[in-house]
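Trainee: Here you go, one structure.
We did not get these values from a lab; they are worked out from the coordinates using the rules stated. For clarity, every value in this text was computed on a predicted model and none was experimentally measured. Glycine gets a Cβ as well: all are built from the backbone with ideal geometry, and neighbour counts include every protein chain shown.
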């Protein structure tokens, strides 16, 4: 059985950020949606990276690799900011995916 320290907590923590709990909750909710959209964009970028073909393969392959690595770092930062507000980072993709699904409207370059 894993040590208790390795068990993720989903409890809302009391932290002194200068913001009241309702404001922290609202901000964490907005950040959770940004996190979900960023994760989706990171995945779509990586799929493009895997499927690049043609004469511009190398520059596009390198560019998309840099982009998905930057997006991964950004998602980590966003999740840590949610935790710093005293709320758990989303534990599922659907929990954090934006209602407006703005990133979901990006069409796949290889088909519908």
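Trainee: In what order do 82, 60 fall by count of nearby beta-carbon atoms within 10 Å, going from fewest to most?
Mentor: The most exposed by this proxy come first: 60, 82.
Trainee: Suppose the chain between residue 43 and residue 20 were pulled fully straight at 0.36 nm per residue; how much longer would it get relative to their current alpha carbon spacing?
Mentor: So the chain would gain 4.9 nm between residue 43 and residue 20.
Trainee: Decide, for the stretch 20-96, between rounded, prolate and oblate: order the square roots of the alpha carbon gyration tensor eigenvalues as a ≥ b ≥ c, take rounded if a/c falls under 1.5, and otherwise choose prolate if a/b is larger than b/c, else oblate.
Mentor: prolate
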